[in-house]
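Everything on this sheet refers to the single structure shown next.
The values are calculated or read from the model by the stated rules, or taken from the named source; none is laboratory data. Computed from a predicted model, the values in this text were never measured in an experiment. No Cβ is skipped: glycine too gets one built from the backbone with ideal geometry, and neighbour counts run over all protein chains shown.
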Amino acid sequence: MPHVQGLKVLDDCEENQRLLQKLPDWATTRWNCYVTKELDAGNPYPGFKKFSDFVAEEARIACNPISSLHALKGGDETPGKEKKRLKVNILATSV
């Protein structure tokens, strides 16, 4: 696959920070753990390739139809609670 030289800017940690602002907090926290481990091991800041692989894997995990939080809690509603019905007032006038 050919590389576009202008996209090397995405490997910069400041550009990565801008991308992280678009992710949910839990994903940002997990990426922070990954980066910290890499830096503690003496490796450079992970590039865009590692970041995109991370986001793809986290998305796959979050969207698992069997064991994701959304799958487990998406259909649960508190038993005994009915959805609130909206009160509607209808005023009739004779003209």
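Numerical summary
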quantity	calculated
Close pairs from region 46-66: first without any contact (Cβ under 8 Å) to a residue 40 or more places away in the chain and closer than 21 Å to residue 5 by Cβ, partner β-branched (Val, Ile, Thr) and outside any loop (DSSP other than H, G, I, E, B), Cβ under 8 Å, at least 6 apart	46/35
Any pair with Cβ under 7 angstrom, 6 or more apart, that starts in region 30-44 at a residue that is touching a residue at least 12 places away in the same chain (Cβ under 8 Å) and ends at one that is not in a loop (DSSP other than H, G, I, E, B)	30/58; 31/20; 31/54; 34/54
Those residues of region 9-23 which are assigned to a helix (DSSP H, G or I), in contact with a helix residue (DSSP H, G or I) (Cβ under 9 Å, 6 or more places away or on another chain) and over 17 Å from residue 44 (Cβ atoms), in sequence order	19, 20
Within region 25-43, tally of residues that are loosely packed, with under 10 Cβ neighbours inside 10 Å and at pLDDT below 95	1
